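These notes are about the structure you will find just below.
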Amino acid sequence: MKAPRGEMACQICLAPLNTLGVPPTYVHPIQLTTDGHEPVPVPVSQLDTVHRTCDFCGDPYPTWTLVGGDVSAVAIGSRAGLVQNFGRAWAACVTCQTHIDDGRTDNVIDRAVRTLGFGNHPQARERVAHLHRAFLHARLPGRTLITTTAWPPTTISARELPKVRDRLTRFYRGADDLPTTLRINEARPQIADGLDRSPLFWIDSNFTDLAEHAVAHLPDVTISRDLMPSTDGLLTWSRPVTPRRITAVSWTSDEDRWHLITYRTAGAGLDGKPLQRLREQVGWLTPIRAAHVREHDLLPGDHPAAALVATWLLIAQQAADIRPADIAKAVRKAYARADRPAPQVRIVGIRGSRTTTPSGTRPAPGDSAPVRTTRFWVSGHWRNQPYGPGRSLRRPVYINPFLRGPDDAPIKLHTTVRILRSPKRQPEDQQ
């Protein structure tokens, strides 16, 4: 049985853990194949990703948590590996949820039997059907979105951002629940309103590379209004960034604070009716983490939203070339019919690349300095720069990788060079 309070997962393999006895001993699920490591229990609330499966069919991308009958089982037939389902809370993938919504319980059972490899065993099907129906017969209304599923990444283009934003706001205003660990359920109306008025930022691949390189060395940063490119916003990178694999972040003002919410994409690998249902009911983005920050709060460099802060800083130091995206005519017409202003999507790219020693690094006249006979690459790094009244405040400024040394000197050949920008590229919002 799963622990009634505070679900735990293994920190090594990220699998949810079952419990045995009192006091509880945490064990891996019996159907899980591991490398033999002992469970290292941590609260699920501390993890961005949990490798759970659909409790109906074993699909690796469950989407909803349902609450139903309290079902307990030890094994089915001669193979203990069939047992996946314990307790009253079950995870359901999009396909199983679609069958359940349509009242096709037999399809759920058939899918489970096929996945488990027991299509030719009537007794196995009967046992699976008994478990599923016992749960569904006592199912309570409502469902909760599972936000820890590690979906494969889905590419979002700049042209799609208005539709992605609108589906996200509709979800926030809808009846489906979010996990209480996110701590944003009461603020969902304010978050949806903030998203409605948000400018949309799409970060191209070159700027995404730069931001990810910069965030790896990001110092602690003090949050301020003038750091943000807008009071509210939704920012999407061209691909997932950082080890957390986040694709987007929204920030929404709420009285004296902001809600910072990181997102991953969902739906990759689905097609047909399940994909249509997911897009209608959830959209493209699922929240991973939420934070509440106020003016002058110090955000650690390893914060879940650190990639957003690094991107803000790069934009604020005028490292960005920002241009409007070409919004599809159908989208503009849809907004006009709804009496809404046309959406504004801003594509963010790198303003320019620096390949020589930055100003301020050469010795002043009269200073003694070694004479360099070669040039070498200096890695990108953050440097505190004074700003504000009397230049009394400090803000991190990212120094791009640059060549140090005389302009006409040869470059050391043993140094690895990373290209941050190509001279020619296809417009990425049309790829």
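Tell me yes or no: at least one residue of region 135-150 is under 30 Å from ALA328 (Cα atoms), modelled with pLDDT of 95 or more and surrounded by 16 or more Cβ atoms within 10 Å (Cβ to Cβ). Give the steps one after another, and end with the answer.
Step one: of region 135-150, the residues under 30 Å from ALA328 (Cα atoms) are none.
No: zero hits.
Within region 288-315, work out how many residues are surrounded by 18 or more Cβ atoms within 10 Å (Cβ to Cβ) and over 18 Å from the mean Cα position of the chain (by Cα). Talk me through it step by step, then tell me what you get.
Let us first name the residues in region 288-315 that are surrounded by 18 or more Cβ atoms within 10 Å (Cβ to Cβ), namely 288-291, 299, 303-315.
When the remaining residues are screened for being over 18 Å from the mean Cα position of the chain (by Cα), the result is 299, 313-315.
Residues meeting the conditions: 4.
Residues to consider are LEU270, LEU285, LEU210, LEU218; find the one that is buried (at least 22 other Cβ atoms within 10 Å of the Cβ), in contact with a Leu (Cβ under 9 Å, 6 or more places away or on another chain), modelled with pLDDT of 90 or more and not small (Gly, Ala, Ser). Spell out how you get there, then give the answer.
Working: LEU270 fails: buried (at least 22 other Cβ atoms within 10 Å of the Cβ); LEU210 fails: modelled with pLDDT of 90 or more; LEU218 fails: buried (at least 22 other Cβ atoms within 10 Å of the Cβ).
One residue alone meets the criteria, LEU285.
Filter region 152-201 for residues that are in a loop (DSSP other than H, G, I, E, B) and aliphatic (A, V, I, L, M) and give the result.
The first filter runs over region 152-201 and keeps only residues in a loop (DSSP other than H, G, I, E, B), leaving 152-157, 174-176, 178-179, 183-184, 197-199.
Hits for region 152-201 are ILE156, ALA175, LEU178, ILE184.
Quick one: is SER230 over 17 Å from ARG289 (Cα atoms), in a strand (DSSP E or B) and small (Gly, Ala, Ser)?
Working: over 17 Å from ARG289 (Cα atoms): yes; in a strand (DSSP E or B): no; small (Gly, Ala, Ser): yes.
In short, no.
The values are calculated or read from the model by the stated rules, or taken from the named source; none is laboratory data. Keep in mind that what you see is a predicted model, and the values were worked out from it rather than measured. Every residue, glycine among them, receives a Cβ derived from its backbone with ideal geometry; neighbour counts consider all protein chains shown.
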